[in-house]
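Here's the structure we're looking at; comments come further down.
The values are calculated or read from the model by the stated rules, or taken from the named source; none is laboratory data. All values reported here derive from a predicted model rather than from experimental measurement. With ideal geometry, Cβ positions are generated from the backbone for all residues, glycine too; neighbour counts draw on all protein chains shown.
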Ligand SMILES: [Zn+2]
């Protein structure tokens, strides 16, 4: 691949246009989808908008009040997908149980406990077993101020029955609760399950002589509600767009499908909708190249490969031959590539370490054309090598150990 055909500046200008929050299912996410589709069309490709529905949870009420020995309401965010307390809340003695070890849990019965969070499936089940009446967790750091005192929002995944509810508060408030000796609290959480609509954008370049074999390049374009997600993951979307441009001018032998996924942040909903919609075609899919987290100047490039270790080595060879410093991890990754691997299609995610994922600091300010160019070139080398090879250098299979992990992963999604 000719490095000079990749422009970091063009990618940067693309990310710049989307410097707004694009939470899944909102009008802003839709606006971004339509703009991406326009860009695809400008490349001369036939783009598709593929709509899908997904389930979301809307918090109606989230409240934590200390009732003894002092009275104070704290700012909290409720755990989504964690059910409802009675309308008037649950009032109970309060206890801080640190990491929720066995001994601490033995004192939890009938109490609303504060535990170092976030609470996930396993801890949730421990709390239920210990007959806690509810839970409180904390996020943030002691030096936070201003807007950063907003507690993070969490979703409880993979739990069907949710007899107890929980809220999250800021670290500083957690300290205050313990220091002031909060002994009794009232917790209220009410939420409703809603169906929302998101969309994927897809564009295909038909292969010249091996068209029945398909390679996908993908990146999600939705963001979390806290910030505009430049690093996570409009930068990834820009890289995919830059490569779509490159391959329209340098036609691949295999078919390439470029996909921008919606609703990744809500549990890989876009890629799950895609594999469902295109189920009949999946036997032709050979490899998924996904990008999630990209574009920051300070950071390192890591490629997570959900495929045989030999695939990992092949990709490393291609990248090192191009003179690019990249490290590899042979394992499953928490992004849309997992959906492909789960369907038995070898997959990878290109990822850059960086600062401020899922926060309001994730803006264009930290994005660099230099970094975008570098990552697009790395991915372009891999994609071109596979698109033009006489035969695919590896089989369409995912090792059993990964499949098992992915079955668990998606059972909990
Ligand atoms: Zn992401």
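So residue 16 ticks every box in (1) in the same structural domain as residue 125 (by TED's automatic domain parsing); (2) farther than 30 Å from residue 158 by Cα but one. Which box is left unticked?
Among (1) in the same structural domain as residue 125 (by TED's automatic domain parsing); (2) farther than 30 Å from residue 158 by Cα, residue 16 violates only (1).
Looking at residue 385 and the list (1) without any contact (Cβ under 8 Å) to a residue 40 or more places away in the chain; (2) part of a helix (DSSP H, G or I), which single condition is not satisfied?
(1)
For residue 144, indicate whether it is surrounded by fewer than 15 Cβ atoms within 10 Å (Cβ to Cβ) and in the same structural domain as residue 69 (by TED's automatic domain parsing).
In short, yes.
Is it true that residue 191 is surrounded by fewer than 24 Cβ atoms within 10 Å (Cβ to Cβ), within 30 Å of residue 61 (Cβ to Cβ) and within 13 Å of the ligand (Cβ to nearest atom)?
No; evaluated as a whole, the condition is false for this residue.
Please list, ordered by first then second residue, the pairs with beta carbon atoms under 8 Å, 6 or more apart or interchain, first in the range 271-300 and under 18 Å from residue 49 (Cβ atoms), second modelled with pLDDT under 95.
Filtered contacts from the range 271-300: 272/413.
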